[in-house]
Each structure stands twice: as structure tokens, then as C-alpha cells.
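A.B. asks: Quick one: the structure is below, questions incoming.
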Amino acid sequence: MTAASGSRSGPGRAERRAAARGQPAAWRLAFRDWRHSRPFLGGLLVILGGVEILLSEEAPLPLVIHIGLQGLAGYLVPLVMVLCGVLLLFHPVQQTFYSILAVLLALGSWVTSNLGGFLAGMLLGLAGGALAFAWQPPGPDGQRRPHRRRAPDEPSSAGLDLVRGPRSGDAGRGGQAGGAGPGPGHPARALGVSAVLAVPLAPLAASVLLAHVPRGPAGTAPWPPAASQGPSPAAAGQTPAPATGSPVPYPTAPGSPGGSPWPTGPAGRGPVPSPTADPTPSPPGTARPSPARRQHRHHRRRAAAAAPRVPVPGARTRLSAGLAMFTGLSYDGVARVRTPAGVVLMVKLRMTSLTLSRVRLLAPTGDGGSAVSRDVSFGLTGDIVLYAARISGRAHGVRVTFTPRQPWQGVRPDLVLTDLVAEQPFATADSLQASGLRIAGR
Amino acid sequence: MNWRRFAAIIVPALAAAAVLVLLTAKSILAVSFSISGTPFTITATQLKGRGFEQFGVVDTSVLKVLPGHTNQIVLTANAIRSATIRDLCQSVTLGGLTLRITAGHGGTPASATDLVVDADRLSGNASFTHIHIGQDASTLNQVPGVKGPAGGFGQQATTVTIDNLRQHAYATTAGVFKLPGFGLSFGRPC
């Protein structure tokens, strides 16, 4: 309908204007001829649909490739749609194939690509594909028939004849004058059945094809399956695959229910054979258990504490809390912790519970920015280990600092600090409750 | 233009599209999401996940339309290996029109695998088990294949539960998304 009105008014206006100026608008006529010798509107809508779906995704590509084949299919389907649209414009001889493929891809994009670009791209693709399928080349006299039905002598397209077979083809040709006769019911039904059958399987077939592609460099992998996806609807129609369940043989992550692949913490209770653990008790004089701490449970630990097995980020991380309540606190010694800037000495504390209120966590992103959590309350329980390059705060109003060079003598099992600041903190805990979590980038 | 040919293909295609929508709403068919560049809001009354990672990333917007920023923005990447989401609501505003997707009401929550959301604002009440806070973002391993930049702050946990989750996000990807009780409407943002 749009096609008809567009092609009716457009050239008419051009001719009027050309006539008014007394000269033919040659390029307009040439463009009109070009347009009418191919399924212009259909191809254009298919391209627009594919582009709309791509725009709705626009994810940072490395992330998508990490996520796997399914993320990739999300891009492949609209890309091949765009390709179909372009081919409809520049290779209209194969319009039947390209238009059916475009319709199937548009339907498949519902599954693979943001619900078909939130419906809009899918509908554009369906409309475009159907328009391109319905388009017919101009007759031998070169006359265009913008909004008339096909003339009886006009050859019907090879594609539909293939679908229809000779009998229904004749019926369609004979019954044209009075509009839609009963004849075309057969092709419609045949097409409908085949389309409905093939549709849920098209993404499946695409994914199966994709799954067989070796995971090569990201740039090269997509295209061969894209090209070979062409005949897939036909092949998919024969595959007795169920349309239920997850459509893609995506290698799901080996589920490790409950148990972390990680040991329960870098500083598990057992002896941790950490290569970075300082074999020599560093600052010897100060880190030895002082008489004041001797009565505490963990006082017999060596001053050289086991370092976390994982590297800890750079110097800008900072955790501050208006109020910090430690329970079962003990000082484990000094650990040598790997950071991007080299090994850093850190104090290591253990505790059984830690409550932090009015927490502000400044976290660098590693490439210049930082994210901030504000006004959170943290409740950590279980086996808690805390490393930090420096801890400061106030105990009963008295300012205290705690560094590897200057371990604080006043560690008690139950400690309350106000205005706590921990620099380069690294903590592990069995559980963490964060209420009022608010994170914002800056 | 042969309108019978047009009908021959558009009718079954629209029927198939309706079937797809129906299958999605019945949670039989899983769909895949990948959005970026347009800010959107996600809310949920409860999100439960196994395998959680969080780290900061600096995203560069392709569109260069972020107000008050150049075209760089600091986002928190939240990755969950497998998640179930109750009362999921996701809204995108495109050109003054707000599209709203809801799912997971009532008994069956929505579910997702390999869900990564890059949010610039996140709020909720969270609890984690076996958490590591302050680990280098490039060494996170709770969600296979998802890692942050080296030298960045990261945290990870074996399980996560977030109540009253609200995220304002710029990018999300998910391997498989199941949306029972799927609803698509135009209206108010979440």
C-alpha cells in the first residue's frame, strides 16, 4: 500500500516539476527506472530492520565474544538480514530466496537479538521480506504497474511457480481479475506451513552451524556460517528438532553448585603454601606478639602472614566507614601482597564478624575511572580475613593507625573504631550483607 | 506488486511471530539480549544468582549523547553466571516512547545465564556468600570468560541475593534469557 502510493505520487510530482521547469529531471527518471526494476521498498525495509536490530544491540563486541556463540548469533542474524536487503536491491533475480530468508531471519531475531530489536526491527524485516517476495519485475514493455494487479499476460515469477506448481499457478493467473480467487489458497497454505515449521528451527540451524565453526579469531569466525546459513531453512525444515527449551547447544558453564572453585579464601584455616608469603618475620621487633596481645586466641601466629593468592588492585582503593565493629579480631602479621605496582606489605587481620556502617568504597576501574559505593551498611560474618596497606580510625576518640611498619598494639578481640579508613583493602568472608547498596560511577 | 504473494508470506510470518511471542511468554522459548548505548532501567523485587562478579569499567559510548559526560562513563559491570529474577521490569526510552518489558511475576521467576549488566547506578539490599572484596578485576573467575581490566577493583562471590534491585544501565548481555509471563507494553518506565 505504501509502495503503491509512494510510487504513484513520487514520480508524478517529479514529472510535474520537470514539466514546469520545461526540462526532464533525468536523474529522477533514471532513479525511478532503477527503483522499479527491483524490489526497492522491500529491500529497503529489510535493511532498515536489520540496522534497527543492530542499533538496539550495539554491545561492546569483546564482551559479546566472551559470552560465546549465542551473543555472536545476536549480531549475525541482523547482519545477514542487512545483507539480504542489499542483495534484494542489487541482485533482484534471486528475490524469492532473499525475501524468504529475510523473513526467516527477522523471525529468528526474536530469539537471538533483543526480541527482534524490540519488535520494530522484526516487523520491518517481515514487512520488507513480504513486499520483496510479492514484487514482480516489470513486463517486457517496461511499463510499470504501480498499483494494478498483474496483467494476465505477464509472466509470473519463477519462484512462485516453483512453490505453486503448474496447476495452482494457472489458477492464480486465471483468477486475477476479480481479486483474490480461491486458487492462491494452496500456495499460501503451503508457504505458511513451511514457514511455520522452519521458523523456530532457523535460529537453531544457525546456531548448530555456528557451533561447528572452530572458535577462531573473532573477526573471521562469523562469516562462513553466515554464508552457509542460506540454505539452512530448507535443511532446518527436515530436522526433527523440538522447538522447546534452549535453542542453542551453548556450552553452559560447568555448574559448581554452592562450592566455589576457589578455596574458601586465600587465607584458609590450613597452612597456606603461598609463594608470596614472607618467610622472614618482617619488622621483627614490632611484629612479634607483644605481651599485651599474648592472651588472645591467635597470638601464637607468626608475624609473617600468608598473602592472598590473588593479586590486589592498585593504590587508589579506599574503604571508609563511619563506624566499624570488629568481633573476634586478631592480628595475623604482615603479608607481602602482589599488586600491579609490585609487592606491597600489608597487615593481615582475622575476625569472626565485622559490621561497617556509612561505608564509602572508592574503587578504581584500572583504566582511569572509579566507582563509588555510598551509604552502605556491610555486615560480614564467618571466617573473615582483611588485608590492608594502612588502617586508621579512632578508638574511644583516640586516633590510631595501623601499618605494616607500625602495627598497632591495641588490638582486642572486640574493637570499635569510628572514622575507619582502610587503604587497598582486600577482604574475604563467608557471607556479606550489604543493605542500602548504592553504587555509582564517577 | 502481487498482493496475494504478499499475503502468502506475511500471514504465516505474522502467525509465526505470534507463536514466538507466545512461546516466550510461556517460558518455553529462551531469548537472547544484548543492549548497549541507550540507557535503560532494570528493576526486580529479588535477584538470586550463582557465580557473581562485580568490577568497574570505563565504557566509551558510540553515540556520544551521554549528558554531562564527554563520551566516557564509569560503569559497574555486574556479571552473574546463572540468575533467577522475580518481577523483572526493564524499560527503554527511545525517542520519547518508553518500551516496557515485564516478566517473572508470580510463581515462576525469569532466569538468565551469563548475565552481564553495565550499570552506572545500582541500588538494592544485597547478601553474598564466600565473597572476595578488593580482588584484582583481571583475576575474577566466578563467571567464565568475564574479567575486568588489570589493576581494577573487583569483587566476587559464589552466591548473591539482591532484594529491591534497581539498576540504571547502559549495556546488558545475556546468553539465555527465559521470560515467563512475558509482557511488552508502552507506558511508564520501571
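Coordinate-derived values only; no laboratory data. Please read these numbers as outputs of a predicted model, since none were measured by experiment. Positions of Cβ are backbone-derived with ideal geometry, glycine not excepted, and every protein chain shown enters the neighbour counts.
A.B. asks: Would you mind classifying segment A:397-442 by shape? Square roots of the alpha carbon gyration tensor eigenvalues, ordered a ≥ b ≥ c; an a/c under 1.5 is rounded, otherwise it is prolate if a/b is larger than b/c and oblate if not.
C.D. replies: Prolate.
A.B. asks: Among B:V160, B:T102, B:A171, whose Cα lies farthest out toward the positive end of the dipole of chain B, if unit charges sit on the beta carbon of Lys, Arg (+1) and Asp, Glu (-1)?
C.D. replies: B:T102
A.B. asks: As a check on your grasp of the helix formula, calculate [θ] at 222 nm for chain B: sum -39500 (n - 2.57) over DSSP H runs of n ≥ 4, divide by the residue count, round to the nearest 500. Spell out each step's value before the answer.
C.D. replies: On the way: 1 runs with 23 residues, N = 190.
Helix-only estimate at 222 nm: -4000 deg cm²/dmol.
A.B. asks: Right, here's the next one. Quick one: order B:F33, B:F153, A:F40 by neighbouring beta-carbon count within 10 Å, fewest to most.
C.D. replies: Neighbour counts put them in this order, fewest first: A:F40, B:F33, B:F153.
A.B. asks: Further question: Provide the per-residue ³J(HN,Hα) series for segment B:103-114, in order, calculated from phi with Karplus coefficients 6.51, -1.76, 1.60 and θ = phi - 60°, each as a whole number of Hz, with x at glycine and proline positions.
C.D. replies: Listing the rounded values in order: 6, x, 7, x, x, 9, x, 6, 9, 8, 10, 6 Hz.
A.B. asks: From the Cα gyration tensor of segment B:95-175, with a ≥ b ≥ c the square roots of its eigenvalues, which class applies: rounded if a/c is under 1.5, or else prolate if a/b is larger than b/c, or else oblate? Intermediate values should be presented prior to the final figure.
C.D. replies: On the way: a/c = 1.95, a/b = 1.50, b/c = 1.30.
Verdict is prolate for segment B:95-175.
A.B. asks: Cut-off is 10 Å between beta-carbons; in what order do B:I85, B:I28, A:I439, B:I42 appear when sorted fewest neighbours first?
C.D. replies: Ranking B:I85, B:I28, A:I439, B:I42 by Cβ neighbours within 10 Å, fewest first, gives B:I28, B:I42, A:I439, B:I85.
A.B. asks: Within 10 Å of each residue's Cβ, count the other Cβ atoms and sort A:M346, A:M325, A:M81 from fewest upward.
C.D. replies: Result, fewest neighbours first: A:M325, A:M346, A:M81.
A.B. asks: Simple spin-label model, 7 Å along Cα-to-Cβ: A:W27 to A:F90 in nm?
C.D. replies: Output for this residue pair reads 2.0 nm.
A.B. asks: If you don't mind, another one. Under the definition of partner shielding as Cβ atoms of other protein chains within 10 Å of a residue Cβ, what is the mean value for peptide A:423-434?
C.D. replies: Mean shielding by partner chains, rounded to a whole number: 6.
A.B. asks: On to the next question. Rounded, prolate or oblate, given the Cα gyration tensor of chain B, with a/c below 1.5 counting as rounded?
C.D. replies: prolate
A.B. asks: Further question on the same structure: Going by amide H atoms built from the backbone, whose H comes under 5 Å of the H on B:L140, apart from near neighbours?
C.D. replies: Residues meeting the criterion, in which the H sits 1.01 Å from N, are B:G148.
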